[in-house]
1. So which of Lys101/Lys485; Lys398/Lys533; Lys399/Lys534; Lys168/Lys235 end up more than 27 Å apart, counting from Cα to Cα?
2. Over the stretch 325-422, what is the relative contact order in whole percent, taking alpha-carbon pairs under 8 Å and six or more residues apart?
3. If each residue of separation counts as 0.36 nm, what is the full-extension length gain between Ile426 and Ala530 once their alpha-carbon separation is subtracted?
4. For the stretch 146-155, in order, what is each residue's ³J(HN,Hα) by Karplus, 6.51 cos²θ - 1.76 cosθ + 1.60 with θ = phi - 60°, in whole Hz (x at glycine and Pro)?
5. How would you rank 269-277, 425-433, 245-253, highest first, on the average number of other Cβ atoms within 10 Å across their residues?
6. Can you compute the charge dipole magnitude of the stretch 270-465 about its Cα centre, using +1 on each Lys and Arg Cβ and -1 on each Asp and Glu Cβ, nothing else charged? Give it in debye, rounded to the nearest 20.
7. Sequence-distant or interchain residues sharing an amide H contact under 5 Å with Leu480, placed H: which?
8. Sticking with the crude label model, points 7 Å out along Cα→Cβ, report the distance from Trp266 to His27 in nm, one decimal please.
Amino acid sequence: MVLKIFFPQCCNTADSGLLVGHWIPGHNSAVVLAVIHYPFIPGQVKKYLSELQSQTQVDLTVLGSWSMPKEGKEGMDSFLKDLSTIFPQKCWLQLSREIGKRGFICQGDKIILIHYDQRKVMLSQLHPVQDVSQKSDIEPSELRLVFQTVAQSQPLFFLDKYDDGPLKLTHWQSEGREASIIAELLKQASVPVCIFLTWLLSLWHWFLLFISSKLSTCVQSGYRAVHFKTVFSPKKAATHMEFMRKANIFVSFLLDIALGLLLISWLYRENRISKLADTLVPVADRVAKELQELLEWLMGAPAGLKMNRALDQVLGRFFLYHIHLWSSYIHLMSPFIERILWYVGLSACLGLTFALSVLSDIVALLTFHIYCFYVYGARLYCLKIYGLSSLWRLFRGKKWNVLRQRVDSCSYDLDQLFIGTLLFTILLFLLPTTALYYLVFTLLRLVVVLFQGVIHLSVDFINSFHLFAIGLRICRPYRLAEGVKFKVLCQEPGTPLHLMMEINPLKCSSVLQCYRTPTYSCYPKDSWAALCKKLFVGELIYPWKQKTDKTD
């Protein structure tokens, strides 16, 4: 059986010593993690490895010896070979290297040496990501066990040549740990700051929930508060997905702030706020005038249809009165519109998503009369539809059982049938007039909802865009690994086969699919057929938010 040895590239030129690593259970392979150099005491080596085992939960052991011939150390090979009796193993590896040759000399015939970049393997995450907290019956592959072994052995790499310890090791951080005093001080100071910010954000989130959940601005503020609680949590990310989620949230917030500042610089340059305020009132008057002309057209003979004149006049005047009230309200607020827009523009300093949420709320306020028209028309149309359906069951000798939620048989007397026939006739002849008003105002409402939907989708895209994962895939592709590939590194006579293990980065499409951040928007659970049915019967629809279910 072929023995596979995963050997780190950083140890190719290491001084002679002991190979420290891990035997992969169930596979005839070993992972070399570091080289312990002479001089050392075997008892200290065993004590050091036992301490690391309790920290890393990895069965670290001495795999064998490593010999690198140098001047003044000619008798090192025999000394290292005798250590196999002190560190008993099922297979004692003896690796040596001669000057001028690329290949290693190994004891044994069927041996394959696989070289790997220790730093990249330790920092990379092999996909698909496995949840460590959930136990699975499927055993991990040999490659995944290699990645997990190197990643979990991170405390082994803390001991470098600058430490005055009893042991000297060679690994990827042998030249000194990658750290700085400023970074360590920031880590220590961030814990109390994060605790305080988490407490403040909890109060802010509770306050927003108490005020309102209908305004897009409040919903976005609550959403940001929840995400900031996640980012500023003093608890360390337990899993890779949790770490990526925190990083994506933080980077998306920075992107949101940058886009908001760009919007502010554009709005307050060349006095665009005043120009926008001067344009807003004429546009509102134009919309009111168009609606008034539309109602006057409906009050006549629209498209040659014969309407119920009395009901048509009542509905038309009712809606015209609403337009008159709305126009008066707009002209009353016109002196303050520029100042309102000036302060609304400042909200972009909190991020572009806040500015878009405020824009969505402004559109909802400016089109409130259209929403009222839609609600009035939908309620009136729904009342007639349900009335006609109930009276139609009366003609067939049926009735709706409220307790059992089903249609049961029922016997009616002559007076009930007469009154039912009279009401059915009245509702049937009034239905076309009501249906026409309902159709027109529903189309107007759908136009407004479509515009708000585009705004909400833009906010969703900024909130959920995983910029950190994409940047990591572009700048550090080895961090997100999809697999590995092997290429022949050296094949000299008298030496085993040497392979180089390189990391295949994760595809960009897989990155977008795997690391998408959940957002607050609640898309409709109903299908398109269910939505069309609701529109047909006149039920109110909320395409971008879900109604909370009430319980008795």
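Laboratory data are not the source of any read-out in this text; all were calculated from the coordinates shown. Quantities reported herein were computed from a predicted structural model and do not represent experimental measurements. For neighbour counting, all protein chains shown are included, and Cβ atoms are generated from backbone atoms with ideal geometry for every residue, glycine included.
1. Lys168/Lys235
2. It rounds to 13 percent for the stretch 325-422.
3. 34.6 nm
4. 5, 4, 5, 4, 5, 5, 6, 8, 4, x
5. Answer by packing, highest mean first, reads 245-253, 425-433, 269-277.
6. 740 debye
7. Gln125, Leu506
8. The two pseudo-label positions are separated by 5.2 nm.
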